[in-house]
Amino acid sequence: MNRELIISSTSTGVDIALIEDGALVELHHEATDVPFQVGDVFAARIKKPAPSMNAVFVDIGSDKDAFLHYTDLGPQLQSLKKYVAAAINGKLAALNLQGFQLEADIIKNGKITDVLGKRDALLVQINKEPIGAKGSRLSSDITLAGRYIVLTPFSNVVAVSKKIKEDAERKRLQKIVESIKPANFGVIVRTAAEGRKVNEIHEDINAQVARWEGVTKMLRNANLPIKVMSELSKTVGILRDLLNESFNRIVVNDKEMYAEIKNFIKEIAPEKEKIVMLHTNNTPVFDQYKVTKQIKSSFGKNVSLSSGAYLVIEPTEAMHVIDVNSGNKMTVTGNQELNALTINLEAANEIARQLRLRDIGGIIVIDFIDLKDPANKKMLYRRMCELMENDRSRHTILPLSKFNVMQITRERTKEPVDVNVGELCPTCKGLGKVKSTMLLVEEIEGHLSYLLNELDNQNLRLVVHPFVEAYLKKGIQSRQWHWFWQYKKWIHVNSDSNLSLTDYRFYDSHNEDIKL
């Protein structure tokens, strides 16, 4: 797999596009001066208990009170409370946890009012950004993520990522970390640590311990609430989590960010420093690398597939519903079951991409085309599970029901990405919207391919708006000549001023309108 990161920095923020094998799979926006984002750690106070929900509301300085549930406290809550109180009062013997006496873990299914009270001081970390009317979702089980490890204060557990399959490597990493980790810190070994040397892992552990010491310094005589640790920028966070040998290009249009990314990569993967490129020409970076075109074709209610089938994606109050439609052009074989399986497998690939791209969370219900063979249903389920392996959000996939409906739950940490891909209509002057003109010629060529290859139409005639006709016929290397060289058939192109700019018609040799 080849990965590219295209980064566009503007006055309003930073847009980040992750490309895998030429396809846009993730789109992130990082606004400037955002005070609350996932991973940030705050020293805060409990504002109001909510015993009926077994939770508390926490004041982190936001307009909306943040929410902390009992299940997100972490077993080491009493140790954390003791540490925070000592740090604020300046009574800690060391900045790290050396010599700190851990308290007993809290019980798994207890009541929050037994362990937290109003005005209690606590360290909390944002797990989910504010969504709608809800404030941030918090955890007091603090984690500090590095390149190869995740550090967990007030624990002594060492765990190795399940994605590292070889037993010998898992045992090697377990032994290394247990021998070098500091006391009272747990460590989760990440997949990226596979094959890494002792000194690389040790440096990463030391870097995260230094971040924890910075948190402790911020706590001294602190006036709560206060942010004591900021998560890395989304750009650097993506590189930290995903950068591997599959990355072959990182393009950024801002000099300062270019230098920041280059320095970061020089520290974590010096051999990858050369893949960072500064975009300097006048063409917007997203246009230059065809990100804009993919955005326009990937968002919206309907998403087309290369076979002619399409998806309908509908958000509702409680869930997202995705309907798989075959369209009228699927002609693989006369076998209806095979046709349905082919379309469903193609749709599964696009659905997995759409979930990441739009960052759709919560409950997702997918209505696939009916399959009768249980073996085909299992194949589709296994394929969806494989496609979702690259998704970093936690998710659960259920097999198809007898109604050919698949249910997926996917962790939601922020509002889903919603991009308006419509353009102002040149005819109605903004009173309505039409499909993006960037996709018009591509859509026409898709119909041409079907009409000429599948139905073998002769003497085909295309009628379009005069502006579109001028574009299709312009120059020696016009689109009309390109079609002739590709299909060895001349496509007649005429204009009709009564058509709208994005409308078109195909006519056969009998001058009859071809219904698409």
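State the antiparallel share, in %, of DSSP beta bridges confined to the range 187-337, rounding to the nearest 5. Walk me through the numbers before you get to the answer.
Values: 9 of 12 bridges.
In the range 187-337, DSSP labels about 75 percent of beta bridges as antiparallel.
Could you state the angle between the C-alpha long axis of helix 167-180 and the longest principal axis of the C-alpha atoms of the chain, as a value from 0 to 90 degrees rounded to the nearest 10?
Tilt relative to the chain: about 40 degrees.
What value, in deg cm²/dmol to 500, does the helix sum -39500 (n - 2.57) over DSSP H runs of n ≥ 4 give at 222 nm once divided by the residues of the chain?
It comes out at -9000 deg cm²/dmol, rounded to the nearest 500.
Just want the answer: with Cβ charges of +1 for Lys and Arg and -1 for Asp and Glu, which residue in 6, 96, 191 is farthest toward the dipole's positive end in the chain?
Ranked along the dipole, the leading option is 96.
Using only the Cα atoms of the range 1-62, construct the convex hull and provide its projected area averaged over every direction, in square nanometres to one decimal. Please report the intermediate quantities before stating the final value.
Details: hull surface 28.2 nm².
Seen from a random direction, the Cα hull of the range 1-62 projects 7.1 nm² on average.
At a 1.4 Å probe, what is the % contribution of carbon and sulfur to the accessible area of the chain?
Working: 13310 of 26790 Å².
Answer for the chain: carbon and sulfur cover 50 percent of the accessible area.
Find how many whole Å separate the alpha carbon centroid of the range 358-414 from the alpha carbon centroid of the range 129-196.
With the range 129-196 and the range 358-414 each reduced to a Cα centre, they are spaced 28 Å.
For 506, 36, give me the order by solvent-accessible area with a 1.4 Å probe, most accessible first, ignoring ligands, DNA and RNA.
Details: 506 0, 36 40 Å².
So the residues, ranked largest to smallest area, are 36, 506.
Heavy atoms of the protein only, probe of 1.4 Å, neighbouring chains included. What is the accessible area of residue 236 in Å², nearest 10?
10
Starting from the coordinates of the alpha-carbon atoms of the chain, obtain the Kirkwood hydrodynamic radius over all distinct pairs and give the value in Å to one decimal. Provide the component values of the computation, followed by the final result.
Values: mean 1/r = 0.0374 Å⁻¹.
Evaluated over the chain, this radius sits at 26.7 Å.
For the range 137-278, what value does the Rg/Rh ratio take when both radii are computed over Cα atoms and Rh is the Kirkwood radius, given to two decimals?
1.00
Counting Lys and Arg as +1 and Asp and Glu as -1, each charge on the Cβ, what is the dipole of the chain about the Cα centre in debye, to the nearest 20?
Numbers: 69 positive and 65 negative charges, 257 e Å.
The calculation lands at about 1240 debye.
Top to bottom by accessible area (1.4 Å), largest first, where do 447, 29 land? Working shown, then result.
On the way: 447 25, 29 85 Å².
The ordering from most to least exposed comes out as 29, 447.
Of 403, 215, 53, which is farthest on the positive side of the dipole of the chain, counting Cα position, with +1 on Lys and Arg Cβ, -1 on Asp and Glu Cβ, and the Cα centre as origin?
215
Using a 7 Å offset from the Cα along the Cα-to-Cβ direction at both residue 259 and residue 111, what is the distance between the two label points in nm, to one decimal?
Roughly 5.8 nm, to one decimal.
Using a 1.4 Å probe, what is the accessible area per residue for the chain, in Å²? All intermediate terms of the calculation are to be shown ahead of the outcome.
Numbers: 26790 Å² over 516 residues.
Heavy-atom SASA per residue in the chain reads 52 Å².
For the pairs 227/266; 81/118; 128/217; 227/255; 82/227, note any where the Cα-Cα span goes beyond 23 Å.
Checking Cα-Cα distances, 227/266; 128/217; 227/255 exceed 23 Å.
In the full protein assembly as shown, how much of residue 367 is accessible to a 1.4 Å probe, in Å² to the nearest 10?
60
I'd like the distance between the alpha-carbon centres of the range 1-45 and the range 212-267, rounded to an integer number of Å.
The two parts, judged by their Cα centres, are 12 Å apart.
Principal axis lengths of the range 359-418 from Cα atoms, whole Å, largest first?
The Cα atoms of the range 359-418 stretch 38, 20, 16 Å along their principal axes.
If contacts are Cα pairs under 8 angstrom and at least 6 residues apart, what is the relative contact order of the range 162-291 in percent?
Reported as a whole number, the value is 16 percent.
Let me know the whole percent of all Cα-Cα pairs from the range 449-515 that are separated by more than 17 Å. Each step should come with its number before you reach the end.
Numbers: 920 of 2211 pairs.
The answer is 42 percent, as a whole percent.
Compute the acute angle (0 to 90°) between the alpha-carbon long axis of helix 440-449 and the principal axis of greatest extent of the alpha-carbon atoms of the chain; round to the nearest 10°.
That works out to roughly 60 degrees.
The values are calculated or read from the model by the stated rules, or taken from the named source; none is laboratory data. None of these values were measured; they are calculated from a predicted model. Heads up, the Cβs are rebuilt from the backbone with ideal geometry, glycines too, and the neighbour counts pull from every protein chain shown. SASA here: full protein model, heavy atoms, side chains in, ligands and nucleic acids out. Shrake-Rupley method; radii C 1.70, N 1.55, O 1.52, S 1.80 Å.
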